[in-house]
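Each remark here refers to the structure printed beneath this line.
The values are calculated or read from the model by the stated rules, or taken from the named source; none is laboratory data. All of these numbers come straight from a predicted model, not from anything done at the bench. Cβ placement follows ideal geometry from the backbone for every residue including glycine, while neighbour counts extend to all protein chains displayed. Side chains are part of the model used for accessible areas, which takes the heavy atoms of the whole protein and leaves out ligands, DNA and RNA. Shrake-Rupley method; radii C 1.70, N 1.55, O 1.52, S 1.80 Å.
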Amino acid sequence: MKPAENNSSIPENFKNFKAEVKVASPGRINLIGEHTDYNQGFVMPSAIDKKIHFKFRKNDSDNLVRIYSETFETYVEFDLNQISKRKKSWENYLLGVIDEIKKVGKKFKGFDCIIKSELPIGAGISSSAALECGFAGGLNSLFDLNLSQMEIVKLSQRAENNFVGNNCGIMDQFASVMSKKDHFIKLDCQSLEAEFIPAEIQNCKLLLLNTNVSHNLADSEYNTRRQECENAVAIIQKKYTEVNSLRQVSFEMLEEFKEKIGPISLKRCRYVLEENKRVQDTEKALRSGDLKALGKLMYASHRGLQHQYEVSCPELDFLVDFSEDKSFIYGSRMMGGGFGGCTINLIETDKIEHYVEEVEKAYQEKFNITPTPITVVPDAGTQITKV
Ligand code: GLA
């Protein structure tokens, strides 16, 4: 069967879609621990109360897949035996998941799916992981594939690495699947051990401010940063053979090899080691209810990302700078891969409305773009219902 073109007309019977499985698949925030996941370090994400919703049903065919995106008002069909890269990136996340499920030897048949998203794209809240993990979870349930949650996390990450071509770490997929309501996850990306830390943020809320920019440096620079860290590891490894990631590297080792590593890689690595330490300190601050200390760590993380890791951009820096002298904002930082997307702000609840007005005005004046405020709550990972 030839793949149908996008925008071909929706099958009549999609209008009375009787779902067999429904999935709510969340986006994620990350309180702290940025660009540490692929360096086998620590992160502190959580799923959020904004999601992608899926409905699935079998369609009695052997190989026909029919998908309608309500968000893009786009319909697409393809043959399960002819999985190849498509032009539209959202389709590739789904095709990548199918490809990876097939690679682990699981078999399934034709199905229909409707997708509706509440997640802004390119905002650094990982609509891509929500798409991959929700789709994988839905197929797992529809066809009783017996994949564990961890297998879903890992195959979704592989779909993004292998099929889409983003060399991402594991944080987003882990958070989207494994989170617990009202908790942050302190995830050790080396052992994949997770601790759930109550998100007790007292009189505050988490406010995201979407810069509504997404600079196209993001993908190439992401891979470059990974490479810069891995280059340093390769140098250190020659003497210290037990080292296989920055996780086993100390500041002393960086100092010892600083000439060979070179100034750029050196500052990337120092940032990663410092950020890992900040995640540990954030856990302490959260557990002891010290929001001031927590906020300071968020600012320090941003400055590291801005000056040492160099993945911020003027729009993100503006929003963080703007918050810094406001006593009712404890902390603010860019979130996710960088070069656009959102800042995450720990802000007193009763000041949000006024602050949003103020920051919108200032940002609009400076960049001629309106930022989008999104308040979020740490929420549970993927929810799957068999109807
Ligand atoms: C993106 C990637 C994650 C992580 C962050 C940066 O969201 O998908 O794996 O590396 O960037 O912390």
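Of note:
- Among the GluC sites (Glu not before Pro) within the range 38-93, those in coil by DSSP and having at most 16 neighbouring Cβ atoms inside 10 Å are GLU70, GLU73.
- Difference of contour (0.36 nm per residue) and Cα-Cα distance, ASN146 to SER191: 13.9 nm
- Neighbours of GLY33, meaning other residues whose beta-carbon lies under 13 angstrom from its beta-carbon, give a summed charge of -3 when Lys and Arg score +1 and Asp and Glu score -1.
- The heavy atoms of GLU358 present about 70 square angstrom of accessible area, all protein chains included, probe 1.4 Å.
- Charged-residue dipole, Cβ positions (Lys, Arg, Asp, Glu), the chain about Cα centre, Debye nearest 20: 960
- Amide H contacts under 5 Å for ASN212, placed H, 5+ residues apart: GLY341, THR372
- GluC sites (Glu not before Pro) within the range 147-239, DSSP loop, no more than 15 other Cβ atoms inside 10 Å: GLU200
- Principal-axis analysis of the Cα atoms of the chain puts helix 149-158 at an angle of about 80° to the longest axis.
- Considering only GLY105, HIS183, TYR309, the residue lying farthest towards the positive end of the dipole of the chain is GLY105, judged by Cα position with unit charges set on Cβ.
- Loop-located trypsin sites (Lys or Arg not before Pro) in the range 91-134 (DSSP state not H, G, I, E or B) with no more than 10 neighbouring Cβ atoms inside 10 Å: LYS107.
- In sequence order, calculated HN-Hα J values of the range 193-210 (Karplus, 6.51, -1.76, 1.60; Hz; x Gly/Pro): 7, 10, 10, 9, 10, x, 8, 8, 10, 6, 8, 10, 10, 9, 10, 9, 10, 7
- In this structure, the pairs whose alpha-carbon distance is over 19 Å, taken from LYS186/LYS284; LYS50/LYS180; LYS103/LYS180; LYS18/LYS386; LYS186/LYS386; LYS186/LYS277, are LYS103/LYS180; LYS186/LYS386.
- Take every DSSP beta bridge whose two residues both sit in the range 28-122; close to 75 percent of them are antiparallel.
- Length-normalised contact order for the chain - Cα pairs under 8 Å, 6+ apart - percent: 25
- Centre-to-centre, using Cα atoms only, the range 141-195 and the range 203-220 are separated by 21 Å.
- Computed from Cα positions, the angle between helix 89-103 and the longest principal axis of the chain comes to roughly 80 degrees.
- Compared with the dominant Cα axis of the chain, that is its longest principal axis, helix 352-367 is turned about 90°.
- Were the residues from ILE121 through GLU358 laid out at 0.36 nm apart, the gain over their Cα-Cα distance would be 82.8 nm.
- Potential lengthening between PHE328 and GLU365 on full extension [0.36 nm per residue; Cα-Cα distance subtracted]: 11.0 nm
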